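Trainee: Before anything else, here's the structure in question.
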Amino acid sequence: MSLDPQTLFIVSVTNLLALAILLPLIMGGRLSPAAKAARLSLIVHAGAWIAVILSEQTTSQWANLVLSTISMGCYSASHWLLYRALSEWLGPRKLRRTLAILAVTMPIGYAIAFDNYAWRVGWANLLIALQLLILAQATLHPASKRHGSWRFALCICFSAMAALTLARGFLGAFHTDLYPSFATPHPINIMSLLVANAAMILSNVSVLVAWREEAELQLRELIAVDPLTTLLNRRGWDERGTHAFSLALRHQQPLSLLSMDIDHFKQINDHYGHEAGDAALRLFGQLLHEQQRTGDIIARIGGEEFCVVLPMAGLDAAQGFERRLRSLLDSQATEKLGFSFSFSTGLACLTPADRSLENLRQRSDQALYQAKNAGRGRLVMHDDHLPGIDRASFSTT
């Protein structure tokens, strides 16, 4: 069975159009910027193939120029859109400006050199190959939580297409007699079109897997976040706090844990109403956010109960965090809510005897109960494993 380029063109366009129609149905309308860019890239890529087929059918030199240039522009645009999707999924990518320059100059140079077949084919294929190599590089070294094996499938697709595109450009530029048109049945052209079809299917499956990974991570983050305060909930705090605790224990680094409880919260609800109680929780969460350093883990773990893990923070740093929070609350609560409220805090610092995050939290909870019993509105430090230290010296009101 012989394969001709025209048939492969039609197969490619058919596959692309089918995917362009099905993907919106599969992915739905509410998509992230990355998923939207990836889906649009597919549609633009289909437009590129359609323009190529139409350019091969026309007998008008002017129509051929316009359609071929549109095709080159669509190829570049589809690559740029894929790069944007990868940047959203994997974090900032290298060579962004270089890709933008290649995407703009490729169709312009193609149109300018259109009357010189060897020049325009060499130019277009070289710049397309460079774009594909930048895309292949962009799949590597993720700077985000998204690092699935779909990246390697894309890298293989882009690399294979870059190699064959370079080979096709070499033929057109230096051996025009062997490759006089885009529809020439040269073995390299046939191989390039076959690989393009396979790469198109594989790359779009990879995009779907990337989109699914993104959706799963977003769902996991939603499950781990308290919707009222936007802080972590108990589940998220346990997961991230346990990791921070393990690192501190392994590397013998300081770590502090603050257990906080809004004082007389039931009275706030009874006197001002539950909406005011929710507003108090939101304000407290907002102030905690404002004090948060990179790496701090802050959560609402119960009704009016909050926990803060401060990596690389000893006693002084933890006291400073609590003191700043208390000062902010004193200065903003009445202005923003119309009433004031306070909170009690228990503090525990990591010691060699601690073997779990829960053990550390239990010690901070014990100190919290002592703060409440001492009159609330204060910080008390748990002094287990710290002989000779006067707890009263660490209590603040």
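Trainee: Where the centre of each part is set by its Cα atoms, how far does segment 254-295 sit from segment 343-381, in angstrom?
Mentor: 17 Å
Trainee: A follow-up question, please. Given q = 0.15, 0.22 Å⁻¹, what are the Debye log10 I(q)/I(0) values for segment 168-233, with equal point scatterers placed on the Cα positions and solvent ignored?
Mentor: The Cα Debye sum returns log10 ratios of -0.65, -0.88.
Trainee: Towards the positive end of the charge dipole of the chain, with charges on Cβ (+1 Lys, Arg; -1 Asp, Glu), say which of Ile101, Trp49, Phe114 has the farthest Cα.
Mentor: Phe114
Trainee: Given the convex hull over the Cα atoms of segment 257-308, what projected area results after averaging over all orientations, in nm²?
Mentor: One quarter of the hull surface, i.e. the mean projection, equals 3.5 nm².
Trainee: Averaging the inverse of every distinct alpha carbon separation and then flipping it gives the Kirkwood radius. What is it for segment 279-389, in angstrom units?
Mentor: On the way: mean 1/r = 0.0679 Å⁻¹.
Its Kirkwood hydrodynamic radius stands at 14.7 Å.
Trainee: To continue, here is another question. Can you send over the carbon and sulfur percentage of the accessible area for the chain, probe radius 1.4 Å, protein chains only?
Mentor: That share works out to 60 percent.
Trainee: Can I get the semi-axes of segment 93-160's equivalent ellipsoid? Compute them from the C-alpha gyration tensor as square roots of 5 times the eigenvalues, in angstrom, largest first. Intermediate results must be reported in sequence, preceding the final value.
Mentor: Values: eigenvalues 174, 32, 7 Å².
Taking √(5λ) for each Cα gyration eigenvalue gives 29, 13, 6 Å.
Trainee: Find the Cα radius of gyration of segment 139-294, compare it with 2.2 N^0.38 Å by division, and give the number to two decimals.
Mentor: Relative to the 2.2 N^0.38 Å estimate, segment 139-294 comes out at 1.86.
Trainee: Return the calculated 222 nm mean residue ellipticity for the chain, to the nearest 500 deg cm²/dmol, obtained by summing -39500 (n - 2.57) across DSSP H runs with n ≥ 4 and dividing by the residue count.
Mentor: Only helices count here, giving -23000 deg cm²/dmol.
Trainee: Using DSSP, restrict attention to beta bridges with both residues in the chain and report what percent are antiparallel, rounded to the nearest 5.
Mentor: Around 85 percent of the beta bridges assigned by DSSP in the chain are antiparallel ones.
Trainee: Next up: Could you tell me which of Pro187, Phe284, Ser327 has its Cα farthest along the dipole of the chain towards the positive end, charges placed at Cβ (Lys, Arg +1; Asp, Glu -1), taken about the Cα centre?
Mentor: Pro187
Trainee: Calculate how large, on average over all directions, the projected area of the Cα convex hull of the chain is; give the answer in nm² to one decimal. Walk me through the numbers on the way to the answer.
Mentor: Values: hull surface 104.3 nm².
The Cα convex hull of the chain, projected and averaged over all directions, gives 26.1 nm².
Trainee: Two decimals is fine: what is log10 I(q)/I(0) at q = 0.21 Å⁻¹ for segment 216-339, from a Debye sum with one equal scatterer on every Cα and no solvent?
Mentor: Scattering profile of segment 216-339, log10 relative to I(0): -1.23.
Trainee: Averaged over all directions, how much area does the convex hull of the C-alpha atoms of segment 36-86 cover when projected, in nm²?
Mentor: With the hull built on Cα positions only, its mean projection is 2.9 nm².
Trainee: In debye, nearest 20, what is the charge dipole magnitude of the chain about its Cα centre with +1 on Lys and Arg Cβ and -1 on Asp and Glu Cβ, if you could check?
Mentor: Here the size comes out at about 520 debye.
Trainee: Between Ala77, Gln253, His264, whose Cα lies farthest towards the positive end of the dipole of the chain when Lys and Arg beta carbons carry +1 and Asp and Glu beta carbons carry -1, centred on the Cα centre?
Mentor: Final value for the positive-end residue is Ala77.
Trainee: For q = 0.16, 0.20, 0.25 Å⁻¹, what log10 I(q)/I(0) does segment 198-255 give under the Debye formula with an equal point scatterer on each alpha carbon and no solvent?
Mentor: Ignoring solvent entirely, the Cα scatterers give -0.69, -0.79, -0.93.
Trainee: Rounded to the nearest 20 debye, what is the charge dipole size of segment 151-241 about its Cα centre when +1 sits on each Lys and Arg Cβ and -1 on each Asp and Glu Cβ?
Mentor: Dipole about the Cα centre, nearest 20: 80 debye.
Trainee: So which helices of the chain fit the span-like rule, where a helix is a whole DSSP H run, its Cα atoms reach 27 Å or more along the axis, and its mean Kyte-Doolittle is at least 1.6? Provide the component values of the computation, followed by the final result.
Mentor: Details: long enough: 5-27 (32 Å, 1.93); 33-57 (36 Å, 0.91); 61-90 (43 Å, 0.42); 117-138 (31 Å, 1.20); 150-174 (36 Å, 1.46); 187-223 (53 Å, 0.87); 315-337 (31 Å, -0.60).
Correct list, ordered by number: 5-27.
Trainee: Out of every Cα-Cα pair in segment 144-189, what percent are more than 12 Å apart?
Mentor: Summing the P(r) tail past 12 Å for segment 144-189 gives 66 percent.
Trainee: With +1 on each Lys and Arg Cβ and -1 on each Asp and Glu Cβ, and nothing else charged, work out how big the dipole of segment 52-119 is about its Cα centre, in Debye to the nearest 20.
Mentor: That gives segment 52-119 a dipole magnitude of about 460 debye.
Trainee: Over all distinct alpha-carbon pairs, what is the Kirkwood Rh of segment 14-109 in angstrom?
Mentor: Kirkwood hydrodynamic radius for segment 14-109: 14.4 Å.
The values are calculated or read from the model by the stated rules, or taken from the named source; none is laboratory data. From a predicted model like this one, the values you see are computed outputs, not experimental measurements. Cβ atoms come from the backbone with ideal geometry, glycine included; neighbour counts cover every protein chain shown. Ligands, DNA and RNA are excluded from the accessible area calculation, which covers all protein heavy atoms including side chains. Shrake-Rupley method; radii C 1.70, N 1.55, O 1.52, S 1.80 Å.
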